[in-house]
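Engineer: Structure below; questions to follow.
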Amino acid sequence: MEELPSCALHIDSSHVVEFEVRLGVKVTLTVLYGLLLVAGLLGNSVTIRVCSVLRARGYLQPPVSRHMVSLACSDLLLLLLGLPVELVWGVWMPFSSSPGDMACKLYSFLLEACSYATILHVATLSLERYTAICHPFRFHALSASKTSNLLICLAWLSSLCVAVPLLFTMGSEYPLTPAMGRYSNCSGLPPNISKAILNITLCTNLSSRWPAFQASVFSSFCVYVLVLGSVAFMCRKMMVTLMSAKKGTVTVKGDSMTSEMTKSSSAEAKSARKQ
């Protein structure tokens, strides 16, 4: 079989460095990323601490506390995984080689899993609040310790399962490798020269797995739309329920005090207002 000529012999890559951003932009982005990281770490750490204190003193219901703490943990993992790596490999060293094929796969998988975990925790927390406000008589079954822990575990397991395709579609690859279904009249590297020496491998979606990567992106989009639509529906129902429970109130003024009495004092309305 005739060996194809090397693309590297025909492509002048000396101008690539011109696409790198200026030092001032890098410093500015570093400061912004640092502020975001510090704010995220402090905010989520405070959330975990406050939830623990309020739960211990009885001011916060245990199911809500569990969901909030788990959500804060997923945010912390997303910050710690995403921002430092993006700052190093995306801002300061954009044209250097990736740290390795397995590291690229694990990073993409964990980052995607944490992103899914965050939005799924928002969905489980919304479901818990929706049941408490709109269906208070069923709330005790959902608020049980086993049920809330099951929902949290389901959110984490679902996020891991949905992110699994990235273990096969992402990896370290030479940027001029032709995608599946396309033809190139030259090979990627000169003979007898490794990718590590040329320092031109990138952490990206693999060209040989392009259809699977497209399917993964589409499924991710569908999951996000479905979850966000469900959260929007539950939030609207909660607002309608609270507004309808508030409509039946009249203000009674006395000589020394002002109070509200409800025209509709059903047990369900009282429970919804309490939640």
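Engineer: Would you mind checking which residues have amide H under 5 Å from MET170's amide H? H placed 1.01 Å from N; only 5 or more apart, or other chain.
Structural biologist: The answer is LEU206.
Engineer: Taking the number of other C-beta atoms within 10 Å as the exposure measure, put ASP101, ASP75 in order starting with the fewest.
Structural biologist: ASP101, ASP75
Engineer: Given Cα pairs under 8 Å that are at least 6 residues apart, what percent is the relative contact order of the range 31-87?
Structural biologist: The normalised contact order for the range 31-87 reaches 47 percent.
Engineer: What is the range 21-87 by shape, rounded, prolate or oblate, if you read a ≥ b ≥ c off the alpha carbon gyration tensor as root eigenvalues and call it rounded for a/c under 1.5, prolate for a/b larger than b/c, and oblate otherwise?
Structural biologist: Taking the square roots of the gyration eigenvalues as a ≥ b ≥ c, the range 21-87 is prolate.
Readers should treat all values here as calculations from the given coordinates under stated rules, not as data from a laboratory. All values reported here derive from a predicted model rather than from experimental measurement. Note that we place each Cβ from the backbone using ideal geometry, even for glycine, and neighbour counts take in every protein chain shown.
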